[in-house]
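Below: the structure, in structure tokens.
The values are calculated or read from the model by the stated rules, or taken from the named source; none is laboratory data. None of these values were measured; they are calculated from a predicted model. Virtual Cβ from ideal backbone geometry, glycine too; neighbours counted across all protein chains shown. Heads up: the accessible areas ignore ligands, DNA and RNA and are worked out on the full protein's heavy atoms, side chains in. Shrake-Rupley method; radii C 1.70, N 1.55, O 1.52, S 1.80 Å.
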Amino acid sequence: MAPLKALELEYPIIDSNFQAFCASHGILSVEDFLIHDMYELTAFAKQQPNSEKLKQSITQILSIIDAQHPPWVNGMELLDDALHRKHVLPTGCEGIDLLLGGGLREGQLTELVGPSSSGKTQVCLLAASNLASQHMGTVVYLDTGNSFSTQRIAEFVGRFSNHTFSQAGQRNFQKAMNNILCHSVFDIFTMFNVLHRLEFSLKSQKGGQVQLLIVDSISSLITPILGNTSSQGRALMTSAGYLLKKLAHEHNIAVLVTNHTVGGEKGIAKPALGQTWKSVAHVRLLLSADHGNDTRSISVLKHPSMASGKVARFRV
């Protein structure tokens with residue numbers, strides 16, 4: 001699907017102001033429009049000084065979609081068509097990969113939500129290990145809590161190759177580690193610095209395409225900046241979501257981020273970071289653990305091509 005900027009020349013109403021408004025809600029392309037809640041977006045547009053023009057621009061985008069495709073093809077079918085042209089990257093966990101139809105999809109931001117000790121980091125390490133060792137892809141791993149474990153990577157790689165303690169297993173582990181670029185990141189400004197350097201390298205490189213970007217955890221970086229009364233924290237959060245989706249969209253990278261849970265109404269846990277962040281992820285998954293038998297459950301909270309509530313169980 002076309003990026004919004006590509007439509008500006010033919011449709012002047014889709015100008016830089018409208019593009020900036022969309023970007024603030026994590027919308028960079030027509031595909032993102034199909035995923036996003038239009039009622040919610042229109043409600044936000046009504047709050048802006050140029051609300052009428054923004055609403056006209058939203059209507060124009062929807063008209064473009066209707067005009068370019070036969071009326072019997074609905075938006076979800078168009079989205080499925082677009083998504084099937086993207087590669088999926090297996091995580092190495094059979095339960096998760098079956099749930100997601102193969103794994104993490106390039107061009108999308110997948111958010112893994114769960115309470116402490118639910119296994120979010122283990123899923124991240126497993127996905128990084130699988131891609132780096134089995135598919136020889138490059139992984140950029142942003143570690144915000146000193147939770148990156150080379151020992152766990154070695155265990156996963158050994159499990160994939162059935163050579164945990166042999167010389168062959170050591171060689172496989174070394175190859176995998178060469179394909180995982182881990183950065184310790186403890187504040188959001190350092191994350192921006194790493195992501196901008198990554199963006200520059202992706203634009204200039206001739207090979208060795210990064211396939212997977214992991215931020216474990218994004219909420220550890222954003223929560224501290226939301227505590228003040230100014231709008232700076234929310235602006236930084238919006239910019240972080242925009243940059244992550246931009247990298248995914250422009251460079252066909254699968255992005256995986258983790259987010260913790262907080263107490264909600266009637267004591268029911270909900271994803272942290274609030275409503276503004278809610279619209280950023282293309283796919284949002286909820287992870288929970290049964291510590292009695294070491295089983296994890298993962299359920300779909302949001303997905304562009306499947307109903308919410310679908311559940312899978314697995315062990316890491």
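One table, with the values for the structure above:
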{"quantity": "Cross-chain or 6+ apart pairs with Cβ under 7 Å, the stretch 243-256 first and without any contact (Cβ under 8 Å) to a residue 60 or more places away in the chain, then buried (at least 21 other Cβ atoms within 10 Å of the Cβ) and of a type in the set (A, V, I, L, M, F, W, C)", "calculated": "Leu243/Leu195; Leu247/Leu195; Leu247/Leu213; Leu247/Ile253; Leu247/Val255"}
{"quantity": "Close pairs (8 angstrom Cβ cut-off, 6 or more residues apart or separate chains): within 19 Å of Trp277 (Cα to Cα) in the stretch 8-30, open to solvent by less than 30 Å² (accessible area, probe 1.4 Å) and basic (Lys, Arg) anywhere", "calculated": "Gly26/Lys245; Leu28/Lys245"}
{"quantity": "Enumeration of residues in the stretch 176-207 that are surrounded by 15 or more Cβ atoms within 10 Å (Cβ to Cβ) and either of a type in the set (D, E, K, R) or touching a residue at least 60 places away in the same chain (Cβ under 8 Å) (or both)", "calculated": "Glu199"}
{"quantity": "Hey, Ile225 surrounded by fewer than 18 Cβ atoms within 10 Å (Cβ to Cβ) and free of Cβ contacts under 8 Å to residues at least 40 places away in the same chain or not", "calculated": "no"}
{"quantity": "Residue in the stretch 277-296 that is modelled with the highest pLDDT, counting only those that are among the polar types (S, T, N, Q) and crowded, with 17+ Cβ neighbours inside 10 Å", "calculated": "Ser288"}
{"quantity": "Lone unmet requirement of (1) modelled with pLDDT under 90; (2) under 25 Å from Leu243 (Cβ atoms); (3) not β-branched (Val, Ile, Thr) for Leu112", "calculated": "(1)"}
{"quantity": "Options Leu54, Leu41: the member that is open to solvent by less than 20 Å² (accessible area, probe 1.4 Å), modelled with pLDDT under 85 and under 28 Å from His303 (Cβ atoms)", "calculated": "Leu41"}
{"quantity": "Test for Ala312: is it open to solvent by less than 30 Å² (accessible area, probe 1.4 Å), touching a residue at least 24 places away in the same chain (Cβ under 8 Å), over 22 Å from Leu212 (Cβ atoms) and of a type in the set (A, V, I, L, M, F, W, C)", "calculated": "no"}
{"quantity": "Filter result for His282 (in contact (Cβ under 8 Å) with a residue 24 or more places away in the chain and over 24 Å from Leu98 (Cβ atoms))", "calculated": "no"}
{"quantity": "Failed item, numbered, when Thr258 is tested on (1) surrounded by fewer than 21 Cβ atoms within 10 Å (Cβ to Cβ); (2) in a strand (DSSP E or B); (3) in contact with a Cys (Cβ under 8 Å, 6 or more places away or on another chain)", "calculated": "(1)"}
{"quantity": "Residues (outside any loop (DSSP other than H, G, I, E, B) and open to solvent by 10 Å² or more (accessible area, probe 1.4 Å)) located in the stretch 107-122", "calculated": "Lys120, Thr121, Gln122"}
{"quantity": "Of all residues making up the stretch 97-106, the number that are assigned to a loop (DSSP other than H, G, I, E, B) and out of contact with any His (no Cβ under 6 Å at 6 or more places or on another chain)", "calculated": "4"}
